[in-house]
1. Only one residue in V166, V67 is under 24 Å from L226 (Cα atoms) and in contact with a helix residue (DSSP H, G or I) (Cβ under 7 Å, 6 or more places away or on another chain), so which one is that?
2. Using beta carbons and a limit of 7 Å, which pairs, at least six apart or on different chains, have the first residue in the range 429-453 and over 12 Å from H410 (Cβ atoms) and the second one hydroxyl-bearing (S, T, Y) and assigned to a helix (DSSP H, G or I)?
3. Looking at the range 954-961, can you tell me whether even one residue there is crowded, with 21+ Cβ neighbours inside 10 Å and of a type in the set (S, T, N, Q)?
4. Looking at D846, D875 in this structure, which one is at positive phi and not small (G, A, S)?
5. Could you list all residues from the range 504-522 that are over 18 Å from Y420 (Cβ atoms) and hydroxyl-bearing (S, T, Y)?
6. For S669, are the conditions met, namely being in a strand (DSSP E or B) and either under 36 Å from the mean Cα position of the chain (by Cα) or at pLDDT below 95 (or both)?
7. Show the residue pairs that are 6+ apart or on different chains and have beta-carbon atoms under 9 Å apart, the first residue being within the range 490-507 and farther than 19 Å from D165 by Cβ, the second being among the acidic types (D, E) and surrounded by 16 or more Cβ atoms within 10 Å (Cβ to Cβ).
8. Condition first: touching a strand residue (DSSP E or B) at 6+ places or on another chain (Cβ under 6 Å) and buried (at least 22 other Cβ atoms within 10 Å of the Cβ). Now tell me which residues in the range 875-906 satisfy that.
Amino acid sequence: MRLLTILLLLLLPQFVHSQIVISNEKENEDYFSIANDPFSTKILFDTLDNVLVQKSVQFLASDIEKVTDQKPKIISSGEYLDNNLIIVGTIGNSHFIDQLITSEKLDVNPIINNWENFIIQTIENPFPSVDRALVIAGSDRRGTAFGVFTLSEKIGVSPWYWWADVPVEKSEQLFIKNGRHVSRGPSVKYRGIFLNDEAPALRNWAKEKFGGFNHKFYENVYELLLRNKANFLWPAMWLPTAFADDDPENARLADEYGIVISTSHHEPMMRAHHEWQRFGGGEWNYETNKEQLQEFWRGGIERMGDYESVVTMGMRGDGDEGMSEETAVDLLQTIIEDQRNIITDVTGKPAHETPQVWAIYKEVQDYYDKGMRVEDDITILFSDDNWGNIRYLPKKDDQSHPGGFGMYYHFDYVGAPVSYRWNNVTQLERVWEQMKHTYEAGVKELWIANVGDIKPMELPISFFLDLAWETEAIQAEDLPNYYVNWAKQQFGDEYAKEIAEILALYTKYNARRTPEMLEPSTYSLVNYREADRILDEYRNLLERSNTIYSKLPESYKSAFYQLVLSPVEMSSNINEMYIATGKNRLYAQQGRASANKYAERVKELFAYDAELTRQFHEDLEDGKWNHMMSQTHIGYTSWNHPRTNVMPAISYIHTASLPQLGFSLEYGSDVEWGGFSVESDPLFSKSFSEFDPLNQQTYYIDIFNMGEGNLNYSLEAKQDWIKLSREEGSLQYDEKVFVSIDWEKVPNQENVAGEIIIKGAGKEYEIQVPVRNNLPTASGFIENNGYVSIEAANYTAKIDALPIHWTKVPNLGRTHSSMIIEPVNAPRHELSTESPRLEYEFTVFDDGEITIHTFLSPTQDFKKQGGLKFAISIDDEEPQIVNMNEGEIKPDHKYADWWTKSVADHIKVSTSKHKIKQPGKHTLKIWMIDTGVVFQKFVIDAGGMKPSYLGPPESNFVKPAL
């Protein structure tokens, strides 16, 4: 297939997609001057062309001025022509473009009659009096506009120059290398965003800045969409907003800007939800109030007029609620049939000439599952589960539906289990993986993303729209470079690579669990140093962000703060606050004096959260973005947001008047509370877990004070092979002493035990240090404390069956990268010895039963073939077939427990039982059956796996001996 593609490209040279090269120096005669004072460039367009072209020309002139401080003169008559000429126009609408076509100076065959295509080309002697011109020709009005904004982006004007205050790098001169660029996009016909869940942030900001959601506000949205090569909008609609009724200029200007307006999944017939109340229509029930509803809908179509629109069809319950359980398929089909009759009657054209969409959302999928279908010309809009996991894709037999299919995706959501609206929690790699399935299933008519308040979703908005524009241009291996290119676009080249890493990691960390769902117990405080690792990860990102911020030119600092530093700092702060709360509660139970310290720390971090919001609102850009980060995000007790941020509960304790010794052991027993409460527990043992020479562990003793004043302590290793990071100290609260083994001095015996004596405040305790020497020959991932943890991307062998192959998706997942099968639309594979598989070599120390926990992205059964399956085996045992969706029922409006957990944790864990016949080296094998399964991690529990949110960190790897 790849060879065939290359051959086709060679046979079709007119489709060559040459790179647009911009320079601030004229390297040779192969460069056309965009701006080179005093030889100012003029922009030529036809006044009879569409008004969008006229607007685009104005934007282009302004963008060139932003860069060069020279504003090209805009002309529409040939009498002013000279040698620095940019010609902008639409095929068939521009006299100048058509003249170039007629004279065979411009070949438009690759784009003519196509949807939103464009050509950017330098042409010699375009007209008798002109030596050379730069031509931007569109197949239609938006094609021309996208060509213009492509050039604007190339000369250094970011699509986010206004919405994120991205500066424009100045240059006295601008040149473009001679050539011909033919657009490849769009991959998806309608591409857009949904402004939703917009109160209090976006609404109050728009009210203060523009007086509300009026045309002054929307002009900025329309421009943003065009600059991102988007063409579609579901406008803000929360009560009491009504897009077309609030300001008639909203819809009129949308059409001038070429933005196709539709209404959300529960707002049929171009009517905003709130208009029903204004209309005074009574009950929202078609069976009892049919005439009023039809009159209401008729008004929506009449107001739509000739504006380019997509009409939402069907009906949900009042206020985005599900319809009654008694609602029958035949009633909904009747509603749509009656709506189409209204469209025909009002427009005077057959209904199929007006674009329409039917949204399969929540309970509406029940109707689709029951066999309900709509007229061939209606686009069927599927959706994710509101958390970025596709619910349904058309089967192969349905993909020929003439009206095509769409996908409604979420970067923001109000609903169960807990709303997420405050900060960016979207991992681009998951969007790519899910939307690749979407695209390959033939869903190419409409993509729309719920983006909440626009800010701070700039990065996922860019990615979603770029992916929709040219889907096949972004493959798995391209994902890391997407961050780099996006960072270059906003901040220039110097720090782009490091900024890209920060962007990729902060979105990964935030996607593990939304800030609104964080709890003091989310990350383990006692196992695998998990909570402290989370803190270190965020602190490291914050330190790196602050370092770059301090080095950036002043002009870039505002944009960097908005797009990088602020989300990192806000996210770091809230994670630290919840972890500090967890430590406060745990340490209060343990009687630590530091419980009170952490109570104060929680209060500081809670106050700092408010300060960060204040800085964003008041200090940033002199208050330009006031209100934009005002969404509450702390203190959720249900799916809906609290009225105000509520600090998590903390505890204070009374401590002893004098110092008291307490300690706990990592990978050891329960906490020692000064010897007065747990020594009577028969399960209590002051002993570490085993040390072994393959893992060469370092464990800590967490020493803490349970009283006032400073606690003096000492440690003594009874054997010379026990190493301590310190042997004495004085502390007010807590301190860790690290214990390791000098393996050259350990006695050569099968099992060895040593002791450490800890003394303080008149107490003395003995701590056991067990060592295991009798280990099997090892290679691969090595057991440690009864578990083996393996990241899916770190396989030791990969077996493909071309064209089916395994693909690594960098950064996808909670802890590392992930593995998927491509092509993603490959059919179910019959399991055989030739099946594609991944192999992972590992070593365990004992025989017996093990449990394998397979960590998977929370993919739903979108194929509706009885669940997505894979197989798993150890060595040569018969593979066990695992259905990752086993026992699941549709979440829909019922919010099943399995779904609530999987979207909260952003993971599904499948388990399988296996027998290990002998200690030593073994091979874990993962067999492909279905595409769509995303493998993140495997944990082999040999009896020692402990509870944690992310699972144990990856085990040590030993290369096999040669």
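The values are calculated or read from the model by the stated rules, or taken from the named source; none is laboratory data. These figures come from a predicted structure and were not determined experimentally. All Cβ positions, even for glycine, are placed from backbone atoms using ideal geometry, and neighbour counts span all protein chains on display.
1. Exactly one of V166, V67 is under 24 Å from L226 (Cα atoms) and in contact with a helix residue (DSSP H, G or I) (Cβ under 7 Å, 6 or more places away or on another chain), namely V166.
2. Every condition considered, the pairs that remain are Y439/T471.
3. Yes, the range 954-961 contains at least one residue that is crowded, with 21+ Cβ neighbours inside 10 Å and of a type in the set (S, T, N, Q).
4. D875
5. The one that is over 18 Å from Y420 (Cβ atoms) and hydroxyl-bearing (S, T, Y): S521.
6. When the stated conditions are applied, S669 does not pass them.
7. Once the first residue is farther than 19 Å from D165 by Cβ and sits in the range 490-507, its partners that are among the acidic types (D, E) and surrounded by 16 or more Cβ atoms within 10 Å (Cβ to Cβ) give A504/E429; L505/E537; T507/E429.
8. V882, M884, S902
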